[in-house]
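Chemist: Pasting a structure here, questions to come.
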Amino acid sequence: MDGYFELIRARQSCRSFAEKPVEREKIVRCAEAARLAPSACNGQPWGFVAVNGGKLRESAAKSARRMGGNQWTQTCPAFIAVVDQGASPLNLAGRASDKKWSQFDLGLAVMQFCLAATAQGLSTCIIGAFDEAKAREVMRLSPKEKLCALIALGYAGNDPPREKKRRDLKEILRFAE
């Protein structure tokens, strides 16, 4: 399965997008990959709302620019709102499970979304700093949906891939023997 590890190495946070529209089918495939992510007690708390081009794209891009940051979103053709739909899975004892799992589950789904995008020749950037009120309005979210992140989605511009700078494996893995 070397292809999987190549995919992981190829994924990076893109901050330079080509002005090329994203095919709707590719967004659907990304959502399908995210839908298949594991979740605590199969709660599947995630939801995704896409703005793909059109009149809302510019408003979505503006909502992603908080305090003067993320100016690169101006050329991004699509944005995905990642929402926690408030699912509360039950644990084996029948009580609502610890809320921390919802965020963990959303992270798994977002990663599968982003890997699916990379596999289809798209690039992504997960955005955590955004104008929540504007983004909620643009994405037409219900009061029950908690907006957790935005994903910028599109085809990479002309910036060459960057070298991944990560901690050494010896720093993050040890065997308890």
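Chemist: From the residues in the range 119-131 that are surrounded by fewer than 20 Cβ atoms within 10 Å (Cβ to Cβ) and of a type outside the set (D, E, K, R), which one is nearest to N158 (Cα to Cα)? Spell out how you get there, then give the answer.
Modeler: Start the filter on the range 119-131 by keeping residues that are surrounded by fewer than 20 Cβ atoms within 10 Å (Cβ to Cβ), which leaves 119-121, 126, 128-129, 131.
If we keep only those that are of a type outside the set (D, E, K, R) too, we end up with 119-121, 126, 128-129.
On the way: A119: 19, Q120: 18, G121: 14, I126: 19, G128: 24, A129: 25 Å.
Going through the qualifying residues, I end up with G121.
Chemist: Residue under question is E23, and the condition is that it be surrounded by fewer than 16 Cβ atoms within 10 Å (Cβ to Cβ) and free of Cβ contacts under 8 Å to residues at least 12 places away in the same chain; does it hold?
Modeler: yes
Chemist: Which of the residues belonging to the range 89-138 are closer than 26 Å to R29 by Cα and at pLDDT below 75?
Modeler: Correct list: P89 only.
Chemist: Can you name the residue in the range 132-177 that is touching a Leu at 6+ places or on another chain (Cβ under 7 Å), farther than 20 Å from V22 by Cα and not hydrophobic (A, V, I, L, M, F, W, C) and is also surrounded by the fewest Cβ atoms within 10 Å (Cβ to Cβ) among such residues?
Modeler: Within the range 132-177, the match that is surrounded by the fewest Cβ atoms within 10 Å (Cβ to Cβ) is E132.
Chemist: Here's a follow-up. Working only within the range 156-176, note down all residues that are assigned to a loop (DSSP other than H, G, I, E, B) and not basic (K, R). Give the steps one after another, and end with the answer.
Modeler: Filtering the range 156-176 for residues assigned to a loop (DSSP other than H, G, I, E, B) gives 157-168, 173-176.
The answer is G157, N158, D159, P160, P161, E163, D168, L173, F175, A176.
Chemist: Among the listed residues E163, E177, E145, which satisfies the condition of being under 24 Å from L36 (Cβ atoms), at pLDDT below 95 and not basic (K, R)?
Modeler: E145
Chemist: Kindly evaluate Q44 against the criterion of being out of contact with any strand residue (DSSP E or B) (no Cβ under 6 Å at 6 or more places or on another chain), surrounded by 15 or more Cβ atoms within 10 Å (Cβ to Cβ) and over 18 Å from G157 (Cβ atoms).
Modeler: The answer is yes for Q44.
Chemist: Collect the residues in the range 141-167 that are within 18 Å of the chain's Cα centre (by Cα) and either of a type outside the set (F, W, Y) or within 22 Å of G68 (Cβ to Cβ) (or both), keeping them in residue-number order. Steps first, please.
Modeler: Kept after step one, since they are within 18 Å of the chain's Cα centre (by Cα), are these residues of the range 141-167: 141, 145-156.
Within the range 141-167, L141, E145, K146, L147, C148, A149, L150, I151, A152, L153, G154, A156 meet the criteria.
The values are calculated or read from the model by the stated rules, or taken from the named source; none is laboratory data. Because the structure is predicted, anything quoted here is derived from the model rather than measured. Every residue, glycine as well, gets a Cβ built from its backbone with ideal geometry; the counts of neighbours run over all protein chains shown.
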